[in-house]
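The values are calculated or read from the model by the stated rules, or taken from the named source; none is laboratory data. The structure presented is a predicted model; accordingly, all values stated were derived computationally and were not measured. Every residue, glycine among them, receives a Cβ derived from its backbone with ideal geometry; neighbour counts consider all protein chains shown. Keep in mind that these areas ignore ligands, DNA and RNA; they rest on the heavy atoms of the full protein, side chains included. Shrake-Rupley method; radii C 1.70, N 1.55, O 1.52, S 1.80 Å.
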Amino acid sequence: MVSTAVIGILILTAVLILIGIPIFASLGIGSYLLLDVTNVLPKTLFGQTLFTGLDAFALIAVPLFILTGDAIVETGLSHKLLNFTESVFGGFRTGMGTATLFGCGLFAAISGSNASDAAALGRITLDRLEDRGYPRPYGCSIVASGASTGILIPPSISYIIVGLVFGISASTLFLAALIPGVAILLGMVVMNILVNRRKGYETGTEHPEVSEVGWSLWDAKYGLLIPFIILGGIYSGTFTPTEASAVAVITTILIGIGIQTLSLPQFPEMLERSALVNGVISPIIAIALLFSQALSALGIPEALVSAIIGTTSNFYLVTIIMIVFLFVAGAIMETTPNILVLGPLLLPVAQRVGMHPVHFSVFFISALAVGFITPPIGLNLYVMSGVSGESITDIAKTAVPFMIAMLAIILLIAWIPVLSMWGI
């Protein structure tokens, strides 16, 4: 039985997060109080875990993939990738919207980060979408939704972190996540087509000549080469995801220097941006691991299993309960702390109803991704609001169809295990 004091500390931690206290500080206060009040673990663990939590080879990939995303933008390869998808789909009635979503998918296969995906492609695509008839808020929602594939399509920083928490290799999770990630992207494409048919936003243009498509493909060759190297190297066993992140950074920088779009004066700003993003993620990882350890020692996961399974043990109902739970969690807290805090709590529930840890990992990350376009946190909404000047509320309203599409595909991921277990 969870004590009243523990419940009070958990509520206090949630309140601190909701009123805007930085997540690492909120979880840090909650962790210290749990250790101090319950004595379930020695307080010396506080300092030790902050060091050992980050002392993992797999986590080296996180700053390197972030840096790869920045390098893709600095070298101009992101523009070339979008020009290629626009040349392929631009002539169709919903071509620019489709091209934007596929451009987000290609960028996701390089950077592994949703925020950099949204920021980079938002600056490139918004004016193009508006020129093709899309209202600016809806154009923002297309980019914000498509950018959520940054954590869904491998390589993904979130899968690296969840693999660390569950003790599953990132290579295994990358393979398992490939089909579900692409399925969610295609679901968004279909939803955009349906919305466009009803609203009449985009009428299409003349289909480009084959030579134009061929030229844009040739122009984007280096950008397309990078995900091929990353994923091809990982899936073939040539190198680990961490080694792949290093290869990706070096390859992107060398390409930029080779085609003369990246020079030495650009490096300080590029490195600073990547360091700032990593500086947000790393403290959260360290503190959230300690918070998760304290919850586990207090028996919170077992209590949660008993509470849910005591209500129903039906696989389909339990998955729906978890989706609702993760939907709310994603709306009020960022993905990284959700992975580190909620992952160890919900994995035992999933296993009790027969979910394999790999299957659950893919389902778990996919469900959390909806939070990127869900107020009040909705990181991608904030990014696109900053890029466009549109209000977060307006963007969030127009993102509802994409949210529905994501939830529909997530149900399929939960109920059809072969989608994520085919290569295991």
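Would you mind telling me the share, in percent, of accessible area of the stretch 297-424 contributed by carbon and sulfur at probe 1.4 angstrom? Present the calculation step by step, with values, prior to reporting the outcome.
Details: 3310 of 4770 Å².
Carbon and sulfur: 69 percent of the exposed surface of the stretch 297-424.
Counting only protein heavy atoms and a 1.4 Å probe, tell me what percentage of the stretch 37-142's accessible area is made up of carbon and sulfur.
Values: 2190 of 3540 Å².
The C+S portion of the solvent-accessible surface of the stretch 37-142 is 62 percent.
If a/c stays under 1.5 just call it rounded; otherwise compare a/b with b/c (prolate if a/b is bigger, oblate if not). Do that for the stretch 145-253, with a ≥ b ≥ c from the square roots of the Cα gyration tensor eigenvalues.
Working: a/c = 3.15, a/b = 1.46, b/c = 2.15.
It comes out oblate by the Cα gyration axes.
Using the alpha-carbon atoms, what tilt in degrees (0 to 90, nearest 10) does helix 157-166 show relative to the longest principal axis of the chain?
30
Run the reach check for K397 against lysines, Cα to Cα strictly under 26 Å, same-chain hits fewer than 8 apart removed. What comes back?
Within the straight-line limit of under 26 Å, K397 reaches these lysines: K199.
Report the GluC sites (Glu not before Pro) located in the stretch 192-273 that are in a DSSP loop and have at most 14 other Cβ atoms inside 10 Å of their Cβ, or state none.
E206, E209
What does the highest-first list of 288-301, 31-44 look like by mean Cβ count within 10 Å? Show your work: numbers first, answer last.
Values: 288-301: 20.9, 31-44: 15.6.
Top to bottom by mean Cβ count within 10 Å: 288-301, 31-44.
List the residues, sorted by chain then number, that are 5 or more residues from T312 or on another chain and whose placed amide H is less than 5 Å from its amide H.
Residues meeting the amide H criterion: none.
Could you do me a favour and compute the accessible area per residue for the chain, 1.4 Å probe, result in Å²?
On the way: 16870 Å² over 424 residues.
On a per-residue basis, the chain sits at 40 Å².
Straight-line reach from K221: which lysines have Cα under 27 Å away, leaving out those fewer than 8 places along the same chain?
Correct list for K221: K80.
Please label the shape of the stretch 274-424 as rounded, prolate or oblate, based on the square roots a ≥ b ≥ c of the eigenvalues of the alpha-carbon gyration tensor (a/c under 1.5 means rounded; beyond that, a/b larger than b/c means prolate, else oblate). Intermediate results must be reported in sequence, preceding the final value.
Details: a/c = 1.93, a/b = 1.32, b/c = 1.46.
Judged from the Cα gyration tensor, the stretch 274-424 comes out oblate (a/c at least 1.5, b/c at or above a/b).
Determine the relative contact order of the chain: mean sequence separation of Cα pairs under 8 Å and six or more apart, normalised by residue count, in whole percent.
RCO, the chain: 25 percent.
Could you give each residue of the stretch 221-238 its phi-based ³J(HN,Hα) in whole Hz, using Karplus coefficients 6.51, -1.76, 1.60 with θ = phi - 60°, and x for Gly or Pro?
Each residue's phi maps through the Karplus curve to give 4, 6, x, 6, 5, 5, x, 5, 5, 4, 6, x, x, 5, 5, 7, x, 5 Hz.
Using only Cα atoms and rounding to the nearest 10 degrees, what angle (0 to 90) does helix 77-89 make with the longest principal axis of the chain?
The angle comes out near 70 degrees.
For the stretch 55-67, take each phi angle, set θ = phi - 60°, evaluate the Karplus expression 6.51 cos²θ - 1.76 cosθ + 1.60, and give the result in whole Hz per residue in order, putting x for glycine and proline.
Working through the residues one at a time gives 8, 9, 4, 4, 6, 4, 5, 4, x, 6, 5, 4, 5 Hz.
Toward the positive end of the charge dipole of the chain, about the Cα centre and with charges on Cβ (Lys, Arg +1; Asp, Glu -1), which of N196, L34, I416 goes farthest?
Looking along the dipole axis, the top candidate is I416.
Considering the values (1) 41, 31, 23; (2) 66, 24, 15; (3) 36, 24, 20, which represents semi-axes √(5λ) of the Cα gyration tensor in Å as calculated for the structure under consideration?
(3)
I'd like the Karplus ³J(HN,Hα) series for the stretch 285-302: coefficients 6.51, -1.76, 1.60, θ = phi - 60°, whole numbers in Hz, and an x wherever there's a Gly or Pro.
In residue order, the calculated couplings are 4, 4, 6, 5, 4, 5, 4, 5, 4, 5, 4, 5, 5, 7, x, 4, x, 5 Hz.
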